[in-house]
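Colleague: Let me give you the structure first, and then I'll get to my questions.
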2 protein chains.
Amino acid sequence: MSDTVVVGLDVGGTSTRATALTLTGERLGTGRGGGGNPTSHGAERAATELRTALRGALRDVDPARVRAGTIGLAGAARLLADPAGRTAFDRAWADAGLRCPYAVHGDALVAYASGTAAEDGTVLIAGTGAIAARVHDLRLDRVADGHGWLLGDAGSGFWLGREAVRTLLADLDTAAAPGPLGRRLLAELLGSAEVAPRPRDTVDALVQAVTRRPPVELARLAPMVVTAAVEGEPVATALIAEAAAHLVASASRIRPAGASAPLVLGGGLLTGDTPLARAVRAEAVRRWPDAPVRSAGDGAAGAAWLAARDLPEVTDPVALHALLVPLA
Amino acid sequence: MSDTVVVGLDVGGTSTRATALTLTGERLGTGRGGGGNPTSHGAERAATELRTALRGALRDVDPARVRAGTIGLAGAARLLADPAGRTAFDRAWADAGLRCPYAVHGDALVAYASGTAAEDGTVLIAGTGAIAARVHDLRLDRVADGHGWLLGDAGSGFWLGREAVRTLLADLDTAAAPGPLGRRLLAELLGSAEVAPRPRDTVDALVQAVTRRPPVELARLAPMVVTAAVEGEPVATALIAEAAAHLVASASRIRPAGASAPLVLGGGLLTGDTPLARAVRAEAVRRWPDAPVRSAGDGAAGAAWLAARDLPEVTDPVALHALLVPLA
């Protein structure tokens, strides 16, 4: 058993991370590649980043020791349905010297598994977009939101950015002086926090500055809202509370009131002790007072645990989780 | 005075309308051209439609009798700032045989003037987009919303279409059976009102059907919401009420509580006795109990009145309004 190694990969839009672990939790190596989401980057490019990350993780490991692997990525179902994509991933796996099989799961399941060992629960993710998913027997079951910026992603980074600009525009419409968050948005988008003598000129300039970029880039303003909320700025604080209410409402669509299974919070806006995570926890404790709320941790380790738990020598997957996955 | 003719034009995104009136209210001719918004169609194309509409209105009129004219169009300020656009409009005006000067005003002012002769008031417009404007001395003064579909247009046709799809998606997330409006949207967007055995497949198909078209085309779904609301469908009724609240909130940014000046409702969703107009009137009467609420009427006639009222022989512009502008 001490010879057995498992490999986990977390393929994200901005980076791909791999980890190689023994079943006693020894971390033999980690690797990192660029963004590898096959939906946005194409399967060949995703496979290249996968190969880079795998080689890093296996630099000091005999690949023959690796007995199982799991790859978590957004759009997993689409990749599995695409023979060319599957072939590209098979080749990257073989190029790294691996001979064991591997499983592909959605990034939401890997995020879930990085926060809890419970077979049933809910994962709620907020980054650029937002999605909630019910986990049953460690499979993604039902999903809420994830509808994209035009029709959904309520409470996401896109949503926070858009609502921050909308609030600023409403202030300018009423000729109210923008608050601290509004002034920062003006400086970011227009290069100056000053409002024109005719506020409508500033309104028009703001609308043009936003609409000449792809809409999803509004998500880039979310960190400004988060920073302002940390400082207690009232507009930002209200937006964070509203985003939390949207996120919990999305989770409620697939999670009954009073549920006691764990709720795992993931994505850049909810991982760790962020203002949005705090607001979601406060909402969640009202709706699901008996449920533990966890933060997603190391997705690659969560993926490695998903791979390891099906090995015949693993008799206590919950104990194994404690060894393999550093809880956030 | 009986020889004097005035010309009014209402240049919209889907049609351009012209009317020629005597100061006693005799309608000597009307003309119609295609969509002529210079911002979306270009100034040359707009000038061509203007020429077509003008020729129709002046078919039976000696152009030497025309003493004044007004053109109402969206993006008036941009046209006036663009020498090439101004030249194209000058040429169209001269090509129709007109020698008098003309004024260019925003379409919102022309809509306002088609509903009231009061020099001060508010106009609230909801079509594909939504905008509110304060009118002072028959000039557009301050503006609220009109921020476009990505950042604003709250309560507009785009907003109604988007929110109708969002409500349907939320129902599908909870595995609830769609209501009558939801089934109509499914039939319109997917060709069938049936939900797939896995509702998420229907969710994905809906998101794809919407996102492969330009976002603003969500406004095409607004008439389905209006029709459903007329029939008392509960989801549609709630969306109409919410849209009305947004529109009145936009107007409130530029209109003090308790204002008694007229409020004119314009645009395809608010002109006449529409469900949205009724809901806005109900909201407005709560907020501005002393104010008359009017419907915008014939924009070309409103434009003609704006042209006529500055002629030296006009001594009672309010009486002239009653003659020239058929109230809706």
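Colleague: Can you give the translational diffusion coefficient of the range A:119-295 in µm²/s, computed by Stokes-Einstein from the Kirkwood radius over Cα pairs at 37 °C and 0.692 mPa s?
Modeller: 195
Colleague: Thinking of the range A:249-293 as a set of Cα atoms, what percent of all their pairs are more than 12 Å apart?
Modeller: Here the tail beyond 12 Å accounts for 59 percent of pairs.
Colleague: Along its principal axes, what span do the Cα atoms of the range A:241-325 show, with the longest given first and each in whole Å?
Modeller: Taking the Cα atoms of the range A:241-325, the three principal extents are 46, 26, 17 Å.
Colleague: Taking the square root of 5 times each eigenvalue of the Cα gyration tensor, what semi-axes in Å does the equivalent ellipsoid of the range B:1-136 have, largest first? Walk me through the numbers on the way to the answer.
Modeller: On the way: eigenvalues 101, 74, 33 Å².
Equivalent ellipsoid semi-axes, largest first: 23, 19, 13 Å.
Colleague: Moving on to the next point. Can you give the angle from 0 to 90° between the axis of helix B:234-252 and the longest principal axis of chain B, with both taken from C-alpha atoms, to the nearest 10?
Modeller: 40
Colleague: If I take every Cα pair under 8 Å that is 6 or more residues apart in the range A:1-62, average their sequence separation and divide by the length, what percent do I get for the relative contact order?
Modeller: 31
Colleague: Hey, another quick one. Kindly write out, for the range B:253-264 in residue order, the coupling ³J(HN,Hα) from the Karplus curve 6.51 cos²θ - 1.76 cosθ + 1.60 (θ = phi - 60°), rounded to whole Hz, with x marking Gly and Pro.
Modeller: Computed from phi, the couplings for the range B:253-264 are 5, 10, 9, x, 4, x, 4, 10, 5, x, 10, 9 Hz.
Colleague: So the label point sits 7 Å from Cα along the Cα-to-Cβ vector; using that for B:ALA103, what distances do you get to the other copies, in nanometres, sorted shortest first?
Modeller: 7.4
Colleague: Which log10 I(q)/I(0) values, to two decimals, does the range B:4-67 give at q = 0.12, 0.18, 0.30 Å⁻¹ under the Debye formula with one point per Cα?
Modeller: -0.28, -0.58, -1.12
Colleague: Just how far, in whole angstrom, is the range B:52-102 from the range B:172-208 if you go by their alpha carbon centroids?
Modeller: 49
Colleague: Let me ask something additional. Per the Kirkwood formula on distinct C-alpha pairs, the Rh of chain A is how many angstrom?
Modeller: Its Kirkwood hydrodynamic radius stands at 20.8 Å.
Colleague: Is there a simple number for the mean count of other chain Cβ atoms within 10 Å of the Cβ of residues in B:162-173, and what is it? Please list the in-between numbers first.
Modeller: Values: counts 2, 1, 0, 4, 6, 0, 1, 7, 8, 1, 3, 12.
Partner-chain Cβ atoms within 10 Å, mean over residues of B:162-173: 4.
Colleague: Residues of B:199-207, mean number of Cβ from any other protein chain within 10 Å of their own Cβ, rounded to a whole number?
Modeller: Mean inter-chain Cβ contacts per residue within 10 Å come to 3.
Colleague: Assuming a viscosity of 1.306 mPa s and a temperature of 10 °C, what translational diffusion coefficient in µm² per second does Stokes-Einstein assign to the protein assembly as shown, Rh being the Kirkwood radius over Cα pairs?
Modeller: 57
Colleague: Under a GNM of chain B (C-alpha, springs under 10 Å), which listed residue has the highest mean-square fluctuation: B:THR271, B:THR24, B:THR16?
Modeller: For chain B, modelled as a Gaussian network with Cα springs under 10 Å, the answer is B:THR24.
Colleague: If you don't mind, another one. Taking the Cα centre of the range B:118-296 as the origin, how large is its charge dipole in debye, to the nearest 20, when only Lys and Arg (+1) and Asp and Glu (-1) carry charge on their Cβ atoms?
Modeller: Result for the range B:118-296 is approximately 160 debye, rounded to the nearest 20.
Colleague: In nm to one decimal, list the spacings between the B:THR87 label point and its equivalents in the other copies, with label points set 7 Å along Cα to Cβ, shortest first.
Modeller: 5.9
Colleague: With springs only between Cα atoms under 10 Å, which of A:VAL216, A:VAL195, A:VAL110 fluctuates most in a Gaussian network model of chain A?
Modeller: Maximum among the listed residues: A:VAL195.
Colleague: How far is helix A:157-173 tilted, in degrees, relative to the longest principal axis of the Cα atoms in chain A, given as a value from 0 to 90 rounded to the nearest 10?
Modeller: Its long axis makes an angle of about 0 degrees.
Colleague: Considering only A:THR274, A:VAL195, A:ALA126, whose Cα is most displaced toward the positive end of the charge dipole of chain A, charges sitting on Cβ of Lys, Arg (+1) and Asp, Glu (-1)?
Modeller: Working it through, the farthest residue towards the positive pole turns out to be A:VAL195.
Colleague: Calculate the dipole size of chain A relative to its Cα centre from +1 charges on Lys and Arg beta carbons and -1 charges on Asp and Glu beta carbons; express the result in debye to the nearest 20.
Modeller: Dipole magnitude for chain A comes out near 320 debye.
Colleague: Return the long-range amide H neighbours of A:LEU28 (sequence gap of 5 or more, or a different chain), with a cut-off of under 5 Å between placed amide H atoms.
Modeller: Answer set, sorted by chain and number: A:ALA20, A:LEU21, A:THR22.
Colleague: Relative to the longest principal Cα axis of chain A, at what angle does helix A:299-308 sit, 0 to 90 degrees, rounded to 10?
Modeller: So the helix axis and the longest Cα principal axis differ by about 30 degrees.
Colleague: Continuing with this model, one more query. Taking H as built 1.01 Å from N, whose amide H comes closer than 5 Å to the amide H of B:ARG294, not counting residues under 5 places away?
Modeller: B:LEU263, B:VAL264, B:LEU265
Colleague: So what J values fall out for the range B:181-198 if you push phi through Karplus, 6.51 cos²θ - 1.76 cosθ + 1.60 with θ = phi - 60°, rounded to Hz, Gly and Pro as x?
Modeller: My calculation for the range B:181-198 gives 5, x, 5, 5, 5, 4, 5, 5, 8, 10, x, 7, 7, 6, 8, 5, x, 9 Hz in order.
Colleague: Return the sequence-ordered ³J(HN,Hα) values of the range B:310-320 in whole Hz as given by the Karplus equation 6.51 cos²θ - 1.76 cosθ + 1.60 applied to θ = phi - 60°, using x for Gly and Pro.
Modeller: My calculation for the range B:310-320 gives 8, 5, x, 6, 8, 10, 10, x, 5, 5, 4 Hz in order.
Colleague: Starting from a label point 7 Å past Cα on the Cβ side, list the distances from A:ARG220 to the same position in the other copies, nm, shortest first.
Modeller: 3.2
Colleague: Give the long-range amide H neighbours of A:ALA103: residues separated by 5 or more places, or on another chain, with amide H under 5 Å away, using H modelled in the peptide plane at 1.01 Å from N.
Modeller: A:GLY69, A:THR70, A:ILE71
Colleague: What percent of all Cα-Cα pairs in the range B:29-97 falls in each 10 Å bin, counting up from 0?
Modeller: 21, 55, 23, 2
Colleague: Mind putting a number on the dipole of the protein assembly as shown about its Cα centre? Charges go on the C-beta only, +1 for Lys and Arg and -1 for Asp and Glu, and I need it in Debye to the nearest 20.
Modeller: Using Cβ point charges on Lys, Arg, Asp and Glu, the protein assembly as shown gives about 560 debye.
Colleague: Take the Cα gyration tensor of the range B:168-249, multiply each eigenvalue by 5, square-root it, and list the three semi-axes largest first, rounded to whole angstrom. Intermediate results must be reported in sequence, preceding the final value.
Modeller: Working: eigenvalues 98, 47, 28 Å².
Its equivalent ellipsoid spans semi-axes of 22, 15, 12 Å.
Colleague: How big is the range B:60-191 by Rg and Dmax over its Cα atoms, in Å?
Modeller: Rg and Dmax of the range B:60-191, Cα atoms, are 21.3, 69 Å.
Colleague: Take chain B, connect every pair of alpha-carbon atoms lying under 10 Å apart with a spring to form a Gaussian network, then pick out the residue of B:ALA77, B:ALA279, B:ALA229 with the largest mean-square fluctuation.
Modeller: Of the options given, B:ALA77 has the highest mean-square fluctuation.
Colleague: Using +1 at the Cβ of each Lys and Arg and -1 at the Cβ of each Asp and Glu in chain A, identify which of A:THR237, A:ALA113, A:LEU73 lies farthest towards the dipole's positive end.
Modeller: Selected residue: A:LEU73.
Colleague: Could I ask something else about it? Per-residue mean of other chain beta-carbon atoms within 10 angstrom of the beta-carbon, peptide B:147-158? Don't skip to the answer; put the middle values down first.
Modeller: Working: counts 12, 4, 3, 10, 13, 7, 0, 2, 0, 0, 0, 0.
What the average comes to for B:147-158 is 4.
Colleague: For the range B:215-267, compute Rg over Rh where Rg is the Cα radius of gyration and Rh is the Kirkwood radius from the inverse mean 1/r over Cα pairs.
Modeller: Rg/Rh for the range B:215-267 comes to 1.07.
Colleague: Could you please report the charge total around A:PHE89, scoring K, R as +1 and D, E as -1 over all other residues with beta-carbon less than 13 angstrom from its beta-carbon?
Modeller: Around A:PHE89, the surrounding residues sum to 0.
All of the numbers you see were taken from the coordinates with simple rules; none came from a lab. Everything numeric in this text was worked out from a predicted model, so none of it was measured. Glycine gets a Cβ as well: all are built from the backbone with ideal geometry, and neighbour counts include every protein chain shown.
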